[in-house]
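**Student:** Sharing a structure with you now.
The values are calculated or read from the model by the stated rules, or taken from the named source; none is laboratory data. If you're wondering where the values come from, they're calculated on a predicted model, not measured in any experiment. Here the Cβ positions follow ideal geometry from the backbone for every residue, glycine too, while neighbour counts run over all protein chains shown. Remember, those area values only see protein heavy atoms, side chains included, never the ligands or the DNA or RNA. Shrake-Rupley method; radii C 1.70, N 1.55, O 1.52, S 1.80 Å.
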Amino acid sequence: MPDQRIELNHQMLHDGFVVEVQEKIELLLQDPAAIEQLRLLWQQAPVMVFRRQSIEEHEQVQFSQQFGACEVIARKDILSPYHDEIIYFSTLRYADGRGVGGFAGGDDVAWHSDQTFMREPATGAMLYGVEVPKGGGDIYWANQYAAWESLPRDIQALIDGRTGIYRYAKRMAIMNPLELKKDAKQANAMLSLPDASHPVVLTHPITGRKALYADPTTLVSIDGLSEAENERVLPLLFEAGSRPELVYRHKVHNGDLIMWDNGCTMHRRDEMRLDQPRLMKRTTFRLSPQAYCVPH
């Protein structure tokens, strides 16, 4: 008998930029054909939503690894005590008073793409909501394919094929990470990172679509442009990347798992009250440049 093609139960949201998949992750992990369909689907819709999930940490790691190798970050204070591939975003505290994770209140709320300040960023990300506050904390994703397409032709011609300079010091000044302020050694190490160079326009190797890669928290200049041109062009790129019509807003509920491709999206979240419980678990993983928008 010929192989039967498994069809995922899913629906496209926000002009095909976001896809909601109505399947249980623990069952998907048992079905290689379904995982392959997810990979193909994610190449079309770079934000993927799974609602009402109930998964263990090892399952989140295993699911992430279906798309790329998981990364272990240097900051040990926000790591899961059970799996080095998972970090916690939380308002909770351990019995000894230490914070469970980081990024609890007003941090991390500006539009950005992850790890753009790194020379080889890991562009895949997955966030699982274990305990989500009732007030605040909504997460937004902006379509950077549409951002590129919205730019005037003369701006497209000016920046396509050029390299940008991305700097962590700018990010720290904008995002104001309170955790790093508490750890001068860690802060100094991050501030001493060398600048990263990336194309300001990425091309998806499968679909051929172009995406703007202009993180406003790290991009400081574009090579080959004069100072005056940079001063004129960069604000246009930053404005294009976060236009309201390009944005999907997600009200997170307990059990929601969202994964996204940082090569063709930006994201931010609303602030939240620190007196409400929050625990979200995140993995970061390296996508293949042969299959996704990866700056290289």
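**Student:** Restricting to the range 118-177, name every residue that is in a strand (DSSP E or B), in contact with a helix residue (DSSP H, G or I) (Cβ under 8 Å, 6 or more places away or on another chain) and hydroxyl-bearing (Ser, Thr, Tyr).
**Tutor:** Tyr128
**Student:** Working carefully through the options Gln53, Gln60, find the one that is open to solvent by less than 20 Å² (accessible area, probe 1.4 Å), over 19 Å from Gly263 (Cα atoms) and assigned to a loop (DSSP other than H, G, I, E, B). Before you say what the answer is, go through the steps one by one.
**Tutor:** On the way: Gln60 fails: assigned to a loop (DSSP other than H, G, I, E, B).
Step by step, each of Gln53, Gln60 is checked, and only Gln53 is open to solvent by less than 20 Å² (accessible area, probe 1.4 Å), over 19 Å from Gly263 (Cα atoms) and assigned to a loop (DSSP other than H, G, I, E, B).
**Student:** Let me ask something additional. Return yes when Tyr128 is over 19 Å from Pro216 (Cβ atoms), surrounded by 16 or more Cβ atoms within 10 Å (Cβ to Cβ) and at pLDDT 95 or above and no when it is not. It would help to see each step written out before you state the result.
**Tutor:** On the way: over 19 Å from Pro216 (Cβ atoms): yes; surrounded by 16 or more Cβ atoms within 10 Å (Cβ to Cβ): yes; at pLDDT 95 or above: yes.
For Tyr128, the condition - over 19 Å from Pro216 (Cβ atoms), surrounded by 16 or more Cβ atoms within 10 Å (Cβ to Cβ) and at pLDDT 95 or above - is met.
**Student:** Also, I was wondering about something else. Against the definition (farther than 15 Å from Thr123 by Cα and at pLDDT 75 or above), how does Asp223 come out, yes or no?
**Tutor:** Details: farther than 15 Å from Thr123 by Cα: yes; at pLDDT 75 or above: yes.
Spelling it out, Asp223 is indeed farther than 15 Å from Thr123 by Cα and at pLDDT 75 or above.
**Student:** Quick check on my filter: what residues within the range 217-228 are open to solvent by 60 Å² or more (accessible area, probe 1.4 Å) and under 21 Å from Tyr168 (Cβ atoms)?
**Tutor:** Across the range 217-228, the qualifying residue is only Asp223.
**Student:** Return the residues of the range 6-46 that are in contact (Cβ under 8 Å) with a residue 40 or more places away in the chain and farther than 24 Å from Ser80 by Cα; say none if nothing qualifies. Reasoning before the result, please.
**Tutor:** So the first thing to find is which residues in the range 6-46 are in contact (Cβ under 8 Å) with a residue 40 or more places away in the chain, and the list is 13-15, 17-18, 25, 39, 42-44, 46.
Passing the criteria: Leu13, His14, Asp15, Phe17, Val18, Arg39, Trp42, Gln43, Gln44, Pro46.
**Student:** Could you figure out which of (1) surrounded by fewer than 19 Cβ atoms within 10 Å (Cβ to Cβ); (2) in a loop (DSSP other than H, G, I, E, B) isn't true of Glu231?
**Tutor:** (2)
**Student:** Looking only at residues that are hydrophobic (A, V, I, L, M, F, W, C) and within 23 Å of Arg286 (Cα to Cα) in the range 84-109, which one is modelled with the lowest pLDDT? Spell out the reasoning first.
**Tutor:** Narrowing the range 84-109 to residues hydrophobic (A, V, I, L, M, F, W, C): 86-87, 89, 92, 95, 100, 103-104, 109.
Now restrict to residues that are within 23 Å of Arg286 (Cα to Cα): 86-87, 89, 103.
Values: Ile86: 96, Ile87: 94, Phe89: 89, Phe103: 68.
Checked the range 84-109; the qualifying residue modelled with the lowest pLDDT is Phe103.
**Student:** Then there's this: Output the residues belonging to the range 206-233 that are touching a residue at least 12 places away in the same chain (Cβ under 8 Å), over 22 Å from Leu191 (Cα atoms) and not charged (D, E, K, R). Before the answer, list the steps.
**Tutor:** Here is the first cut: in the range 206-233, the ones touching a residue at least 12 places away in the same chain (Cβ under 8 Å) are 206-207, 209-225, 229, 233.
Those left that are additionally over 22 Å from Leu191 (Cα atoms): 206-207, 209-212, 224-225, 229, 233.
Passing the criteria: Ile206, Thr207, Ala211, Leu212, Gly224, Leu225, Val233.
**Student:** Restrict the check to the range 110-120 and report whether at least one residue is open to solvent by less than 10 Å² (accessible area, probe 1.4 Å) and among the hydrophobic types (A, V, I, L, M, F, W, C).
**Tutor:** There is no residue in the range 110-120 that is open to solvent by less than 10 Å² (accessible area, probe 1.4 Å) and among the hydrophobic types (A, V, I, L, M, F, W, C).
**Student:** Could you tell me which numbered condition Ser197 fails, if it satisfies all but one of (1) within 14 Å of Thr116 (Cβ to Cβ); (2) outside any strand (DSSP E or B)?
**Tutor:** Here Ser197 meets the rest and fails (2).
**Student:** Checking the condition touching a strand residue (DSSP E or B) at 6+ places or on another chain (Cβ under 9 Å), in contact (Cβ under 8 Å) with a residue 60 or more places away in the chain and either more than 21 Å from Val61 (Cα to Cα) or part of a helix (DSSP H, G or I) (or both), which residue from Gln290, Gln276 passes?
**Tutor:** Gln276
**Student:** Out of the residues in the range 25-50 that are open to solvent by 10 Å² or more (accessible area, probe 1.4 Å) and not in a helix (DSSP H, G or I), state the one that is farthest from Met280 (Cα to Cα).
**Tutor:** Of everything passing the filter in the range 25-50, Asp31 is farthest from Met280 (Cα to Cα).
**Student:** I'd like the full set of residues that are in contact with a Gly (Cβ under 6 Å, 6 or more places away or on another chain) and either open to solvent by 50 Å² or more (accessible area, probe 1.4 Å) or closer than 15 Å to Asp114 by Cβ (or both), limited to the range 68-92.
**Tutor:** Residues of the range 68-92 that are in contact with a Gly (Cβ under 6 Å, 6 or more places away or on another chain), as a first pass: 68, 78, 88-90.
Selection gives Gly68, Ile78, Phe89.
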